[in-house]
Amino acid sequence: MARISVNNVAVRYSTANANLSLRRTLISVLKRNAANAGSVQAAQNKLAISGVNFELESGDRLVLVGGNGAGKTTLLKTLSGIYEPCAGSIYIDGTKSSFIEIGAGMDFSLSGKQNVEMHYLMRGHDRFGLDLERYVENVREFADLGESFYMPVNTYSSGMFVRLAFAMVTEVCPEILLLDEWLSAGDMFFMEKASSRMEELANTAKIMVLATHSHDLALKWCNKALVLGGETNRFFDSVPEALEFYQQSQ
C-alpha cells in the first residue's frame with residue numbers, strides 16, 4: 001500500500017541570486033553596503049512553505065491549490081526529494097516519479113537515444129522492472145522521431161524535443177505520481193497519444209499529487225485538495241470544499 005505522510009514541513013530557499021542582478025550584487029560587494037547585505041541575508045532566509053500537514057493513502061488524488069508563488073512547485077520538489085525540508089518530516093512508501101520541468105537535465109550535444117539511456121540510469125528506472133533496452137525501444141516508438149532519434153538533440157525542433165522528453169518521463173508508471181501541471185505535448189496527432197497516456201498514468205498510480213490552476217482538472221481527477229498560501233497550508237479537505245474556500249479567500 002502506497003502512503004505519504006507530511007508532518008509540519010517547512011522549506012527555506014535562497015532568492016538572493018534571483019532578486020539581485022549581477023551589477024547590483026557587484027556594487028553591493030564593492031561598497032560593503034550594510035543595507036544591501038541585510039536584504040540579501042533576508043532573502044536567503046525566506047520561507048517558501050511552512051506548517052504543511054497531510055496524509056495520503058492508496059487511492060488518494062491530491063490537488064495543490066494556490067496562486068503563483070503559493071508554494072505548490074516547492075512542495076512537489078520537496079516530495080520528490082529535490083528540496084530538503086528545514087523542519088518537519090516526510091514519510092513516503094512507494095516508488096515515485098516526478099514530472100517537474102520535463103526535459104531538464106538533457107544534454108543537447110548527445111543524441112536522443114543517448115539521452116534516453118542517461119535518463120533511465122539517472123532515474124533508476126530498473127526499479128520498475130523494465131530493462132534498459134526495452135525502455136529505450138518503447139520511448140523511441142512513442143516519440144516517433146524516425147532517424148532523428150539517433151541525432152543530437154540540438155538539431156531538434158522544439159516540438160521534437162517536447163515529444164522526446166514527454167515519452168521519456170511517462171514511459172514508467174510509478175506508485176506515486178507527482179505532477180506540476182497536466183502534461184501535454186506535440187502536434188495535434190501526438191497530443192491525442194499524450195492525453196491517453198496521461199490518463200493511463202493517473203488511473204494506474206496508487207497516489208497522485210497534482211499542482212494545477214485548472215479547477216476542472218482538480219474536480220475531474222482529485223478527491224482531496226490542499227490550499228497553499230502565505231507560506232503555510234490554509235485548508236485541507238475534499239476538492240469542492242477546498243475550491244470554495246480558495247475562491248472566497250481571494
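The values are calculated or read from the model by the stated rules, or taken from the named source; none is laboratory data. Being a predicted model, the structure only gives us computed values, none of them experimental. Counting neighbours? That spans all protein chains shown, and the Cβs are built from the backbone with ideal geometry, glycine included. Side chains included, ligands, DNA and RNA excluded: accessible areas come from the protein's heavy atoms. Shrake-Rupley method; radii C 1.70, N 1.55, O 1.52, S 1.80 Å.
Things worth noting here:
- Within the range 51-87, the residues that satisfy the criterion of being charged (D, E, K, R), in contact (Cβ under 8 Å) with a residue 60 or more places away in the chain and in a strand (DSSP E or B) are Glu57, Arg61.
- The listed residue being crowded, with 20+ Cβ neighbours inside 10 Å and over 22 Å from Ser98 (Cβ atoms), out of Met188, Met160, Met168, Met151: Met160
- Residues that are open to solvent by 30 Å² or more (accessible area, probe 1.4 Å), out of contact with any strand residue (DSSP E or B) (no Cβ under 9 Å at 6 or more places or on another chain) and outside any helix (DSSP H, G or I) do occur in the range 226-236.
- Out of Phe108, Phe142, sole residue that is of a type in the set (Phe, Trp, Tyr), touching a residue at least 12 places away in the same chain (Cβ under 8 Å) and surrounded by 13 or more Cβ atoms within 10 Å (Cβ to Cβ): Phe142
- Just one of (1) closer than 13 Å to Phe99 by Cα; (2) open to solvent by 20 Å² or more (accessible area, probe 1.4 Å) fails for Leu178. It is (2).
- Condition check for Thr170: under 21 Å from Met118 (Cα atoms) and in contact (Cβ under 8 Å) with a residue 12 or more places away in the chain: yes
- In the range 100-205, counting only helices (runs of 4 or more DSSP H) that sit wholly within it, the ones holding 3 or more residues that are closer than 30 Å to Leu219 by Cβ and modelled with pLDDT under 95 span 158-169, 188-204.
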